[in-house]
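*Asks:* Have a look at this one before I ask anything.
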Amino acid sequence: MARAPQVLKGMRDFLPEQMLLRQHVLNTFRGVFEHYGFEPIETPVIEYLETLTGKYGEDEKLIYSFQDRGDRQVGLRYDLTVPLARFVANHRNDLTFPFKRYHIAPVFRADRPQRGRYREFWQCDADIVGTKSMMADAEVVSVWIDALSAINMPGFVVHINHRKLLMSLAEVAGVPDEQTPTIHRAIDKLAKIGEDGVLKEMQANDIPVDAARRVLDLVSISGEPGEVFAELSKRLSGNTRAEEGISELRSLFAFLEHMGADSDHYTLDLTLARGLDYYTGPVFEALSVDANIGSLGGAGRYDGLVGMFSGEDLPATGCSLGLERIFDVIQEKNLVEAPSTVSNALVTIFNDETIGDSLRLVGELRRSGVPCEIFVGEKLELRRQMQFANRKGIPITIILGPDEIQRGEVVVREMATGEQQTVPRSDLSSVITDTLRSR
RNA sequence: GUGCCUGUAGCUCAAUCGGCAGAGCACUGGUCUGUGGAACCAGGGGUUGCGGGUUCGAGCCCCGCCGGGCACCCCA
């Protein structure tokens, strides 16, 4: 044992059973994204390191980077958003704007692994490039809600805030702009460590008590979104940045309401701070209170990012779901039913003399549209073949011995019940269809 | 990146103070030559994650590495 090499820290293999569930979830997301008019793209896993750096702030140290055979400095993509910005800059003459794309693919972060945190994980992104309209942001939030609803994610809520409101907090507090990240870091923990904890944290980072209190007072405003916006406007009037943020959020919430988005699934959260440097407008985070696995996805508007590559400014907004966390929750809570195997039926072989008959039958069945397999092991005992079907969860076995072959019939056995019927070969594919339907 | 916990058969775990590495499940074969799940019987399977050190003797103690987990940091 232990002779076989391990996989790298934070990376995993997936067994067929897990893959069938993952594909089921991915297909669901694909369906929801396309339902909204998002179209698929793909980009390389590896980019020039220069493409990736300078976009993520502090987190940049987690980028996997190395030198390739041509001595190029390269890196594995850290998310799907920066590659999208590069993609749009490269292909902007071939795209129709506003450009809506989705992208489901693995990304890499050299983070220390933990529950729900891996070094290779899949993101499911939907973004809209080329419009400043809050309609785009509303679409993004709505598609997110629909995607999570489609897989029965329990108790999830999309928290919404605005980068411009967040940026105005330093001003409100009367401290230098450099302190902004400190403030964000502190208030983001409000739900976790409470008001005292937040105040303590800010003070520990050289923010005066009265300034900290002003910030806390502001982000603690609660009530219906409309009331909160009114109160914010009153307190922040004259602050241009903040007023822009409030006005955009007002539109966003209005659009969401017009779209019929379920208000149980989104909420204004003035303490939400997103770390990535490139966000400029509304920011979103999807959380599940029932799941206890951290954030299910992050999102937001990033109007300056495409411009960093093309010089031509193209505003953009989008969302990202973390498949691994969603998948962990699904498995833990058994949220989604997926088939345990891909075959609907196993054609058994009676003995060496009847191999040809079984092969003919499996060929016919496949051509008639039934996903099925034939037992390809060396020992042809029926019991062994039944056991194979049983363990793999193949719902139906087909038995054809000398008697059946002579009469042009086959035996159809439903594994779950043990019920068998003898039917003419010509009826087989419709009998299988009926049997599966009646389960 | 920092701090802590952890690694024994495919899986879950046991092994007294440092003194011959075990059990259940799983697996393989048989009871059972036209039928899976159940039962019974038998069997295979280990360089105790890897490497070094201490010791007469290490699964157990020490150091390094690899993997897993938790809390930070941060994040999906």
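Any read-out appearing in this document is the output of simple, stated calculations on the displayed coordinates, not a laboratory observation. Computed from a predicted structure; not experimentally measured. Here the Cβ is made from the backbone with ideal geometry for all residues, glycine too, and neighbour counts use every protein chain on show.
*Asks:* What list of ³J(HN,Hα) couplings, whole Hz, do you get for the range A:123-135 from phi and the Karplus terms 6.51, -1.76, 1.60, once you set θ to phi - 60° and write x for glycine and proline?
*Replies:* Here the 3J(HN,Hα) series is 10, 10, 10, 9, 9, 10, 10, x, 8, 9, 4, 5, 4 Hz.
*Asks:* Under a point spin-label approximation (7 Å from Cα along Cα-to-Cβ), what is the A:GLN420-A:SER340 distance to one decimal in nm?
*Replies:* 2.2
*Asks:* As I understand it, the dipole of chain A uses +1 on the Cβ of Lys and Arg and -1 on the Cβ of Asp and Glu, about the Cα centre. Which of A:LEU361, A:ASN27, A:PHE66 lies farthest toward its positive end?
*Replies:* A:LEU361
*Asks:* Then there's this: With the cut-off at 1.5 for a/c, could you classify the range A:16-333 from its C-alpha gyration tensor as rounded, prolate or oblate? Could you put the intermediate results ahead of the total?
*Replies:* Details: a/c = 1.42, a/b = 1.33, b/c = 1.07.
It is rounded, given that a/c, with a ≥ b ≥ c, falls under 1.5.
*Asks:* List the relative contact order of chain A as a percent without decimals, with contacts defined as Cα pairs under 8 Å and 6+ residues apart.
*Replies:* On the way: 718 pairs, mean separation 68.0, N = 439.
Relative contact order here is 15 percent.
*Asks:* On to the next question. Would you grab the residues whose amide H sits under 5 Å from the one on A:VAL410? Only those 5+ places off in sequence or on another chain, please, with H modelled 1.01 Å from N.
*Replies:* A:VAL423, A:ARG425
*Asks:* Taking a ≥ b ≥ c as the square roots of the eigenvalues of the Cα gyration tensor of the range A:345-437, is the shape rounded (a/c under 1.5), prolate (a/b larger than b/c) or oblate?
*Replies:* Details: a/c = 1.37, a/b = 1.07, b/c = 1.29.
Judged from the Cα gyration tensor, the range A:345-437 comes out rounded (a/c under 1.5).
*Asks:* Further question: If the cut-off is a Cα-Cα distance under 20 Å, which aspartates and glutamates reach A:LYS392, setting aside same-chain residues fewer than 8 apart in sequence?
*Replies:* Cα-Cα hits under 20 Å: A:ASP13, A:GLU17, A:GLU337, A:GLU373, A:GLU378, A:GLU381, A:GLU414, A:GLU419.
*Asks:* Using the alpha-carbon centroid of each, what span in Å lies between the range A:343-397 and the range A:103-147?
*Replies:* Result: 42 Å between the Cα centres.
*Asks:* Hand me the GluC sites (Glu not before Pro) from the range A:1-78 located in a DSSP loop with no more than 13 other Cβ atoms within 10 Å, in residue order please.
*Replies:* Numbers: sites: A:GLU17, A:GLU34, A:GLU42, A:GLU47, A:GLU50, A:GLU58, A:GLU60; in loops: A:GLU42.
Here the GluC sites (Glu not before Pro) that fit, given the DSSP loop and packing criteria, are A:GLU42.
*Asks:* Something else about it: Given the peptides A:290-301, A:61-72, A:419-430, A:79-90, arrange them by the average over their residues of other C-beta atoms within 10 Å, most packed first. Present the calculation step by step, with values, prior to reporting the outcome.
*Replies:* On the way: A:290-301: 20.2, A:61-72: 11.4, A:419-430: 14.1, A:79-90: 22.4.
For the peptides A:290-301, A:61-72, A:419-430, A:79-90, the packing ranking is A:79-90, A:290-301, A:419-430, A:61-72.
*Asks:* Within 10 Å, count the other beta carbons around each residue, average over each peptide in A:375-387, A:158-170, and list them highest first.
*Replies:* Working: A:375-387: 12.7, A:158-170: 23.1.
Ranked from most to least packed, the peptides come out as A:158-170, A:375-387.
*Asks:* Another question, if that's okay. How much net charge surrounds A:GLY155 when only other residues with a Cβ under 13 Å from its Cβ are counted (Lys, Arg +1; Asp, Glu -1)? Kindly include the intermediate steps, with their values, before the conclusion.
*Replies:* Working: positive: A:LYS333; negative: A:ASP262, A:ASP264, A:ASP290.
It works out to a net charge of -2.
*Asks:* Separate question: Where does chain A land at 222 nm, in deg cm²/dmol rounded to the nearest 500, when only DSSP H runs of n ≥ 4 count, each adding -39500 (n - 2.57), divided by all residues? Working shown, then result.
*Replies:* Working: 16 runs with 186 residues, N = 439.
Computed mean residue ellipticity for chain A: -13000 deg cm²/dmol.
*Asks:* Full-extension gain between A:GLU42 and A:ILE193, please, as 0.36 nm times their residue separation minus the C-alpha to C-alpha distance. Intermediate results must be reported in sequence, preceding the final value.
*Replies:* Details: separation 151, 0.36 × 151 = 54.36 nm, distance 4.04 nm.
Extra length from A:GLU42 to A:ILE193 when fully extended: 50.3 nm.
*Asks:* Related question: Which far-off residues, 5 or more places away or on another chain, put their amide H under 5 Å from the one on A:TYR64, with H placed in the peptide plane?
*Replies:* Amide H neighbours of A:TYR64: A:LEU76, A:ALA110.
*Asks:* Further question on the same structure: Provide, for the range A:16-333, the number of lysine pairs with alpha carbons under 22 Å apart, each pair being eight or more places apart or on different chains.
*Replies:* 9
*Asks:* As an exercise, use a Förster radius of 25 Å and the Cβ-Cβ distance of A:THR267 and A:ARG117 to find the FRET efficiency, rounded to the nearest 0.05.
*Replies:* On the way: r = 25 Å, r/R0 = 0.99.
Approximately 0.50, to the nearest 0.05.
*Asks:* Just subtract the alpha-carbon distance of A:GLU58 and A:LEU382 from 0.36 nm times their residue separation and send over the number in nm, one decimal.
*Replies:* Numbers: separation 324, 0.36 × 324 = 116.64 nm, distance 6.19 nm.
Going from the current span to full extension adds 110.5 nm.
*Asks:* What length, rounded to one decimal in nm, is gained on full extension from A:ASP68 through to A:LEU436, with 0.36 nm per residue of separation minus their alpha-carbon distance?
*Replies:* On the way: separation 368, 0.36 × 368 = 132.48 nm, distance 5.18 nm.
Between A:ASP68 and A:LEU436, full extension yields 127.3 nm more.
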